[in-house]
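Derivation of every value follows stated rules applied to the coordinates shown; laboratory data play no part. Given the structure is predicted, the values throughout are model-derived calculations rather than measurements. For neighbour counting, all protein chains shown are included, and Cβ atoms are generated from backbone atoms with ideal geometry for every residue, glycine included.
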Amino acid sequence: MEKTTVKRENWGSRIGFIMAAAGSAVGLGNIWRFPYLLGENGGAAFLLIYLAFVVFIGVSVMTAEFAVGRKSSRAAVGAFKNHDKRWTFAGVIGVLSAFFIMGFYPVVGGWSAAYVVKSVTGLLADPEAIGGAFGAFISGSTQPLVWMLVFMILNVVIVAKGIAGGIEKAGKVLMPVLFGLLILIAVRSLTLPGAAAGLVYMFKPDFSVVTGQTFLAALGQAFFSLSLGMGCMITYGSYLNKQENLANNAALVTGMDLGVALLAGVAMFPAIFAFGMEPAVGPGLVFVVIPSVFAAMGGIGTLLSVIFFVALTVAALTSSVSLMEVAVSYFIDERGMERKKAVYSTAGAMSVLCVLSSLSMGVMSGVTVLGVGFFDFFDILTDKIFLAIGGLLLAVFVGWFLDKEELRQELTNGGTIKFGLFEGWYFLIKYVIPVAVAIVAIAGIRSIEQ
Ligand code: PHE
């Protein structure tokens, strides 16, 4: 095991680490993105494929990222580079992914923050107009940009200070609130007349709609939602103490992430069908369906809507700070930059990308890269290409370039705990995952081209 000269920080407690890792994983990916992807990709068939990827690929890759991080005590780039200089590029791809995801994520974070205010300023008064209001809002030029900047500044404040204090505390309170609210919305949604059709849509697979793209969308979403394939969990693992059971923690974080995504689906689809809405509306789904459900609740709906969007904004924030941290820690560790300076320049560059993304919903909708606007371009580039490549590289690195016995030591904490599934995990990482990810990525990218 490598010795580090500087004493590195550790997470304060097991629960602190779990909350931070879960905070990174649970975000817009679960509540904003997962339901609309499900809607666009035909419902239950997508769900089944997604489940398989999460169970067979997600948990194993997360375990591997934790192991690489803790073993090297280094963030994304350093963890690769310190082992073998030729692997530096794998970490750098992760940093690039962080930039591009942060080129659209704060735009959506801004929408969510805006909806806190809109919930009290009349959004729910006219249920019929909720859909149109969302379209008008995001295609505007000033409002969404202002909200994006608000969200970005929150990130800057937190990341400049280090993550522990504010965000961890806010997450500890607001994550359970979000969870509770989703349960409440799910109950309301399930008791609307006509709700059953939503459950059928979510849980009764129709494989006729499955294409190579469905698999790629599900794989990309698994990596995106679990914060994998870009070094984030390597970084978080690097602060983990030697007593923690890595595989168990990975399973727990994955379970929580999956739970929130499923709950978000059950909260939304029954309502979508009960209100006779279209499931395949894309990125507007949560911003239209949730306010509609709340509008149908009368007076208390306004209050719940405010709480929901506050909680969603916080969930987004606990994820976006982890993304920003990947880029910032690169400039600090590898480029010797001072933290504040790294934060400001990183946030500045990310804001420029976000301006392009946000305006691509409106005035710049005519400007396209490879046939899509900036928002979609950053989204597709990261989750369909970069994260899959990042996950593939990580699996090859761990399976073929790290020593098997050292890995066993790392995952059993030097033989003090059991990891009965070690051989199975190793086989998945070494053979199955690289091949599976490569096939899905190639088939998916080809079907995009067609
Ligand atoms: N997992 C986060 C979400 O679901 C997004 C994210 C991706 C965060 C990659 C960190 C790294 O919203």
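Footprinting exposure proxy ranking of 425, 111, fewest other C-beta atoms within 10 angstrom first, gives 425, 111. Take every pair of alpha-carbon atoms less than 8 Å apart whose residues are at least six positions apart; their mean separation over the length of the chain yields a relative contact order of 34 percent.
In summary, the convex hull built on the alpha carbon positions of the stretch 14-449 has an orientation-averaged projected area of 19.4 nm². Based on alpha-carbon atoms only, what is the radius of gyration of the stretch 66-174 relative to the globular estimate 2.2 N^0.38 Å? Taking N as the residue count of the stretch 66-174, the ratio is 1.48. Averaging the Cα positions of each part gives two centres, and for the stretch 51-66 and the stretch 283-354 these lie 24 Å apart. With respect to the chain, whose longest principal axis is taken over its alpha-carbon atoms, helix 212-225 is tilted by about 70°. Taken over the stretch 191-343, the percentage of Cα pairs per 10 Å bin, counting from 0 up to the bin with the maximum distance, is 9, 27, 30, 22, 11, 2.
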